[in-house]
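These notes are about the structure you will find just below.
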Amino acid sequence: MSAGLFELRKDPITGWWVATVVDRDYDRRRFARPASPVEDAGDCQNCRLPEGDGVRLRTLKDFAFHVVGTEEEGRELDRSVAQVAIANARAAGSWRTIVAPPREHRPLPQAGPVVDELVIRARDAIAEARAAGQTDYLQVVQNWGAEAGARTNHLCLDLYDLPLIPHRVGEELGGAARFVIREGECPWCRLVRDESRHERLVWQDADTIAFAPWASRSPFEVWLVPRRHEADFGRAADLDVAAAAAALRHVIGLLGRSLDGPSYNLVLHTAPLRERVDSTFHWHWELHPRLREVAGLELGTGLPVNPVAPEDAVEELLAGLSAATASTRSGD
């Protein structure tokens, strides 16, 4: 195995740099890591709460964030104050989860139509949060596997109603606006067109494209981007929501076949709730498998280090798909 040559790559939207190792032979044994289940002592709260048989919305905290900008503000905060409803606290945000039906502990690619309903409920939650106008951003995530910080084995999507715009999204907003001024088009629309012809293409259909970004921050990172331009996932048409659910099932299934079902974080990037960025932003999903540990170079510099070039990652993903297809045909 070679020592590893770093190739510094620049994200075309945010301008952030990533160190990508481009001369190290890919060793599947380093990255094929099945997700570890969450230890829940046999008691899954999402199977019990809230009551019901279908997809449900569970509120974990309706007052989840204090805005404390300085150490002095933190010391002055009266932490004994009773929690209040989000409707009565503008400087706070809720933490909720959209939970699949009871006993739904299968991985997302195996859950079929349940995934469609989860994604629809996430779309509707964003629309409701925008109409309420009480916070700045609704972050939708899925954490799968103990290594990814999951707190349950239940299939669900977490909703964090935030009194701020996340730093990563803020950088995308600024970078995308500059890109539109410079290039005359949305950067994600450009990526949809360019990546469909590139070796980093993972999957595509008439509605969605999935690819490993040029400056991938983590091994096997994949973006899923709708072909039709829309900034706000809360305004996404039913067709595009269904297409997104189908794309998520396919791509996460592909990842599972290639890397033995690893832990991952799935993150939705959508427009802020109080801003109209229709021409410059483009909602999309980012998939980050949790396959390695953060080391000293990243901690010391803030520079992400990706030990697998995205081109090599896609080659491995597609090889896994080919092997699975060949195995299926041989069994016919």
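Some values worked out for this structure:
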item	result
Amide H within-cut-off set for Leu138, under 5 Å, with H built and near neighbours excluded	Leu162, Leu273
The range 35-330, relative contact order in percent, only Cα pairs under 8 angstrom and at least six apart counted	20
Cβ charges +1 (Lys, Arg) and -1 (Asp, Glu), total dipole of the range 35-330, debye	380
Distant-in-sequence amide H partners of Val202 (H built 1.01 Å from N, under 5 Å)	Ala210, Phe211, Ala212
Isolated Cys residues of the chain, judged by Cβ distance under 4.7 Å to other cysteines	Cys156
Table column - 3J(HN,Hα) (Hz), the range 138-150, Karplus curve with 6.51, -1.76, 1.60, x for Gly and Pro	10, 8, 9, 9, 10, 9, 10, x, 4, 5, 9, x, 5
Estimated 222 nm signal from helices in the chain, with DSSP H stretches of n ≥ 4 weighted -39500 (n - 2.57), rounded to 500	-10000 deg cm²/dmol
For Glu7, distant residues with modelled amide H under 5 Å away	Thr20, Val21, Val22
Fully extended contour minus Cα-Cα distance, from Arg28 to Glu72, at 0.36 nm per residue	10.9 nm
Karplus-derived HN-Hα couplings along the range 104-112 (A = 6.51, B = -1.76, C = 1.60, θ = phi - 60°), whole Hz, x at Gly and Pro	8, 10, 6, x, 3, x, 9, 8, x
J(HN,Hα) series, the range 156-165, from Karplus relation 6.51 cos²θ - 1.76 cosθ + 1.60, nearest Hz, glycine and proline x	7, 10, 8, 10, 10, 8, 9, x, 6, 8
Prolate/oblate/rounded label for the chain (Cα gyration tensor, a/c 1.5)	rounded
Cα gyration tensor, the range 107-156 - rounded (a/c under 1.5), prolate or oblate	oblate
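Read-outs throughout are calculated quantities, based only on the coordinates presented, and are distinct from any laboratory measurement. Because the structure is a prediction, the values reported are computed rather than measured. All Cβ positions, glycine included, derive from the backbone under ideal geometry; neighbour counts span all protein chains shown.
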